[in-house]
Ligand SMILES: [Cu+2]
């Protein structure tokens, strides 16, 4: 039997193999599916505080009347940072794959990975493995002492060119769509928050709310553990933003290139000095989401974590007030509370990893 005949015969079997492979990859798809649903249902441990914040989420106006001692305390002081029971986005030991996603774009990205890419990769890999095994078993020297001299087969060549092209086209459509969605501009009236990367901490400014800037440093390990938060991820001042609404996040660097990245929010954007990068951030539900600087930026690159705290709108407004900021069309406070600005360590001579101070070349100094 010639190779061509065998190939033709097996071509009829190929769809069958493809069907079997599709079936074997189905359980994985169904395994991948429940994750978002589970995410939606999953709620943090129902403590008094969590119940109250959930209430506020449902009816912001009722926030002041919310029952429970915690809420009354929060109402009196205006704003209380979320407790550790609200931690949602963080790495877990021994985990495989992506963190749970808490943004729409994260769901879309996870779908692309779990439902489009993984099954295709699995099917292609198994098909190639099966063909390889078939050749090894059927066409070895013992079972096939006189090898076929076939050198061309138009049909099979057309097929093995066209099928990969089709597979790539099928992948390209959701892939390019996802890419475009990731860079969708926020609506005009979206809240603007400006993130600045410094060596080695983050600054969060609120230009729409009086322009104050909050400096965020990593907590020492003992302090983080005392608060029930993961060490090397917990910070003293989190980036507080409203949940359930689009946020225009503008990101820049003050000294070197940093990168603002939060895996559970499907968010990563470089912080480049002299450049304002912008992306829309949308967090579906209140919670605490951890990230890290993701661009090697110097000696303490590993010690400038990111903690995003998404809260209901009413809580967010209380936060802005607690920082001396303004809301809506309010006039800026007569004497805006000077941000407790921290000098970058890179401007301190002899600091670990400090290069030339970025502020050294002020205009006029070179004369
Ligand atoms: Cu950095």
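All of the numbers you see were taken from the coordinates with simple rules; none came from a lab. All figures in this text were calculated on a predicted structure; none of them were measured in a lab. Glycine also receives a Cβ, built like all others from the backbone with ideal geometry; neighbour counts cover every protein chain displayed.
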**Request:** Rank-order 150-157, 308-315, 275-282, 264-271 by packing density, defined as the average count of other C-beta atoms within 10 Å over each peptide's residues, highest first.
**Result:** 308-315, 264-271, 275-282, 150-157
**Asked** Shape call for the stretch 219-298 from the C-alpha gyration tensor, a ≥ b ≥ c root eigenvalues: rounded (a/c under 1.5), prolate (a/b greater than b/c) or oblate?
**Response** oblate
**Complete:** For the pair residue 142 and residue 327, the simple spin-label estimate (label points 7 Å beyond Cα toward Cβ) gives in nm 8.2 nm
**Message:** How high is the relative contact order of the stretch 199-249? Use alpha-carbon pairs under 8 Å, at least six apart in sequence, and give a whole percent.
**Reply:** 27 percent
**Prompt:** What is the packing order of peptides 178-190, 220-232, 287-299, 82-94, taking the mean over residues of other C-beta atoms within 10 Å and listing the highest first?
**Reply:** 287-299, 82-94, 220-232, 178-190
**Prompt:** If you take the beta carbon distance between residue 163 and residue 92 as r and set R0 to 30 Å, what does 1/(1 + (r/R0)^6) give as a FRET efficiency, to the nearest 0.05?
**Reply:** 0.20
**Prompt:** Given a Förster distance of 56 angstrom, what is the FRET efficiency for residue 268 paired with residue 133, based on the Cβ-Cβ distance and rounded to 0.05?
**Reply:** 0.90
